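Below is one structure, written out as structure tokens; comments come after it.
The values are calculated or read from the model by the stated rules, or taken from the named source; none is laboratory data. What you see is a predicted model, and the numbers here were worked out from it, not measured in a lab. Methodologically, a virtual Cβ is constructed for each residue, glycine included, from the backbone with ideal geometry; neighbour enumeration extends over all protein chains shown. The area values use the complete protein model at the heavy-atom level, side chains included, leaving out ligands, DNA and RNA. Shrake-Rupley method; radii C 1.70, N 1.55, O 1.52, S 1.80 Å.
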Amino acid sequence: MLPQKLIYAHLSELALFVQVVDAGSFSAASRATGQTPSAISKQIKKLEEVLQLRLFERSTRQIRLTESGQEICLHARKITAAAHSIMESSVRQTTMVEGLVRISAPKAIARQLVHPLLPTLLKAYPHLQLDLLVSDEPIDMISGGVDIAIRLGEPPLGVVARPLFAVETVLCASPMYLEQHGTPQHPEQLAQHSCLHLGVYPDDAVWTFQNEHHKARVSVQVKGRYASNHSEVRREGALEGLGIARLPHFTVTHYLASGELVRVLPSWKMLGHYQGTSWLLYSADRYRTPRVRLVVDTLLAHIGGRQDLS
């Protein structure tokens with residue numbers, strides 16, 4: 001029995017042997033492989049020396065398999081068929097989008113930016129599964145089995161972090177509310193208005209501003225009859241005329257353009273929580289899988305760098 005190392009060393013020659021048989025001649029095999037007929041002939045002779053068998057009966061016009069060559073060809077075909085199966089399996093694994101991708105994102109971004117993109121992906125890739133985790137609290141990506149996360153603030157170490165867009169919070173109200181109660185011209189006047197805030201932490205009712213022109217800072221204790229930790233609820237409240245709402249800019253772009261909402265104190269920038277650079281986080285290893293790469297690239301293409309979001 002031939003040593004395994006010797007067999008492995010001559011696998012390419014066995015594959016070439018099958019190609020010569022299928023082509024019917026060295027010249028035809030030459031055209032199929034791009035090698036010269038003499039180079040092919042030398043490799044076949046080398047294989048015959050290793051096997052200590054004659055594989056072909058050669059004449060000036062044609063070649064014909066010997067009895068030993070016929071038997072060797074049967075085994076060689078099994079080897080090449082197995083190699084083809086391995087390569088095809090490898091291609092499927094590196095190109096087919098299938099399996100589960102878990103995505104974690106803050107509420108507003110998840111609901112209004114990420115979710116609208118996902119039905120299209122699910123329709124286009126029937127073997128893809130998506131799990132969207134909606135939470136403003138950071139989830140540990142490893143223990144939570146999260147493939148992709150979107151976060152505000154400084155990204156953690158040990159993951160790939162790609163900037164998506166700048167999240168800015170703005171004040172908005174309906175034209176109806178402003179007509180009835182007046183439009184504040186200075187942050188301090190917000191104390192006399194009904195304000196829709198988050199209501200999660202005590203300082204959520206303290207709004208801090210910086211003037212874009214003279215850089216002065218002002219903090220105001222606001223109050224109102226309605227608070228919610230969900231931006232869509234506060235936006236709906238503003239549309240209903242319930243007061244002046246603090247909202248992420250990307251959640252009200254459409255309503256500002258249509259005139260259904262009006263920006264309040266546009267020359268004052270809001271400071272504090274709930275804004276800053278949003279980051280797309282993922283593991284470099286998981287990005288190599290087609291399903292994760294697809295979702296990451298989709299989020300970057302449709303959300304990343306959008307000017308209307310900041």
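Scanning region 32-46 for residues that are over 16 Å from residue 62 (Cβ atoms) and either assigned to a helix (DSSP H, G or I) or in contact with a helix residue (DSSP H, G or I) (Cβ under 9 Å, 6 or more places away or on another chain) (or both) gives 32, 33, 35, 36, 38, 39, 42, 43, 45, 46. The residue that is modelled with the lowest pLDDT, among those in region 276-292 that are of a type outside the set (Ser, Thr, Tyr) and more than 20 Å from residue 96 (Cα to Cα), is 276.
Can you tell me which residues in region 206-250 are of a type in the set (Val, Ile, Thr), in contact with a Cys (Cβ under 7 Å, 6 or more places away or on another chain) and open to solvent by 20 Å² or more (accessible area, probe 1.4 Å)?
Matches in region 206-250: none.
Residues in region 232-269 that are outside any loop (DSSP other than H, G, I, E, B) and farther than 20 Å from residue 107 by Cα: 244, 256, 257, 258, 262, 263, 264, 268, 269.
Checked across region 293-308, the condition of being in contact (Cβ under 8 Å) with a residue 24 or more places away in the chain, part of a strand (DSSP E or B) and under 21 Å from residue 151 (Cβ atoms) holds for no residue. Among residues of region 260-272 being within 25 Å of residue 201 (Cβ to Cβ) and surrounded by fewer than 16 Cβ atoms within 10 Å (Cβ to Cβ), the one that is modelled with the lowest pLDDT is 272.
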